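Read through the structure below, which is laid out as structure tokens, and then see the notes.
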Amino acid sequence: MAITPISDNAFVMTAICPQTKGYYGVTVDRILNNQYKMIWAFRLDKDRAKREGYDIKKASGSIQPDANYPGCPYCKAQSLIFCSCGSVFCWNGNKLVTCPKCGYKGEVGYSESINFQGGSM
């Protein structure tokens, strides 16, 4: 697999796998203004994420997986859900989902632009 280079604008946001409840980091890089790509994903300890300040960075725009994005390190899902509570979690294509952080249940919607933050702890 080819490795996608990253810029100085890259940052890490945290996500939760609803299947395993495992936390992971997603390396996100800006392509253009308000356009981002997910480059890499890795297992992450919740306490380390707080210490590293992964919850500080905020962004707004569209976000898509890079061609080399490996997906969730637990379930391999390639897509993410952004809950209104601030949680980010992987999505396996189910129409109905439950947020692993707040428990909200609902249908998946699509948005071309979202506000997202580095952390979801």
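The values are calculated or read from the model by the stated rules, or taken from the named source; none is laboratory data. This is a predicted model, so every value here is computed, not measured. A quick note on method: Cβ atoms are made from the backbone with ideal geometry, for glycine too, and the neighbour counts reach across all protein chains shown. Note: accessible area is taken over every heavy atom of the protein model, side chains too, but ligands, DNA and RNA are not part of it. Shrake-Rupley method; radii C 1.70, N 1.55, O 1.52, S 1.80 Å.
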>> Can you pull out every residue in segment 76-107 that is assigned to a strand (DSSP E or B), free of Cβ contacts under 8 Å to residues at least 40 places away in the same chain and either open to solvent by less than 20 Å² (accessible area, probe 1.4 Å) or over 15 Å from THR20 (Cβ atoms) (or both)?
In response: SER79, ILE81, PHE82, LEU96, LYS105, GLY106, GLU107
> Yes or no: LEU32 over 10 Å from the mean Cα position of the chain (by Cα), at negative phi and open to solvent by 50 Å² or more (accessible area, probe 1.4 Å)?
Replying inline: yes
> Quick one: PRO18 ticks every box in (1) surrounded by 18 or more Cβ atoms within 10 Å (Cβ to Cβ); (2) under 25 Å from GLU107 (Cα atoms); (3) within 12 Å of the chain's Cα centre (by Cα) bar one, so which box is it?
Replying inline: (3)
